[in-house]
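Here is the structure we will look at.
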Amino acid sequence: MTVDLTYYTPDVPNTVTVTVDGKDLLPTETVGKELSTKLTLPEHSEKLTVRLVVKDGSKGGNYSYEDEKTADVCEGEPPTPPAEPTPTEPTPSEPTPTEPTQTESAPSETPGTETPEPSDTPSAEPSESAPAVPVPSGSTPPLAETGSSSATPVIGGAALAVLLAGGGILWAVRKRRTTQA
């Protein structure tokens with residue numbers, strides 16, 4: 001039997017008592033904010049009457065509680081816990097077209113105990129233990145692309161041509177002035 005009391009006022013004398021057929025199973029105990037305890041009923045060949053009395057010590061005692069239940073006789077041996085299921089070997093499945101295929105390796109004798117060897121070359125495929133890459137939400141605008149484009153060499157060439165042309169014009173103008181003077 002489990003008794004769980006929560007959210008009582010911690011600074012007042014809350015009490016709890018559990019009796020079985022008039023005998024104390026949990027003698028009157030002062031409880032603070034909460035109480036969680038497991039009680040074992042005595043062995044019995046007939047039904048037992050279990051009584052729980054909780055007295056809220058706060059002003060008004062609005063959360064006081066009394067209840068009486070009947071505990072049936074457990075016939076035979078106590079129930080045994082259910083047997084754990086035996087692990088079955090996973091059946092191989094075909095990868096779906098959207099999944100990246102991984103290189104196949106020879107199956108190990110004991111599944112789940114194989115430790116992968118570190119590799120000197122990076123793999124093109126994602127690791128199973130790699131953290132998930134966050135996907136941007138659809139509500140935020142995409143970030144600007146700041147890399148170069150295919151027009152960058154053309155723009156650079158045009159800028160160089162303008163500089164050379166300007167330099168040529170400047171040279172021609174100065175030469176002309178020096179010959180006139």
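Every number here is computed from the coordinates shown, using simple stated rules; none is lab data. Computed from a prediction, not measured in an experiment: that's the story for all the values here. Quick reminder, even Gly has a Cβ in these numbers, built from the backbone with ideal geometry, and neighbours come from all protein chains shown.
If Lys and Arg each add +1 and Asp and Glu each add -1, what is the summed charge of the other residues whose beta carbon sits under 10 Å from the beta carbon of D21?
Working: positive: K23, K47, R51; negative: E46.
It works out to a net charge of +2.
If Lys and Arg each add +1 and Asp and Glu each add -1, what is the summed charge of the other residues whose beta carbon sits under 13 Å from the beta carbon of L52?
Numbers: positive: R51, K55, K69; negative: D4, D24, E29, E66, D67, E68.
Local net charge: -3.
Taking a sphere under 15 Å around the Cβ of L5 and counting the other residues whose Cβ falls inside, with K and R at +1 and D and E at -1, yields a net charge of -3.
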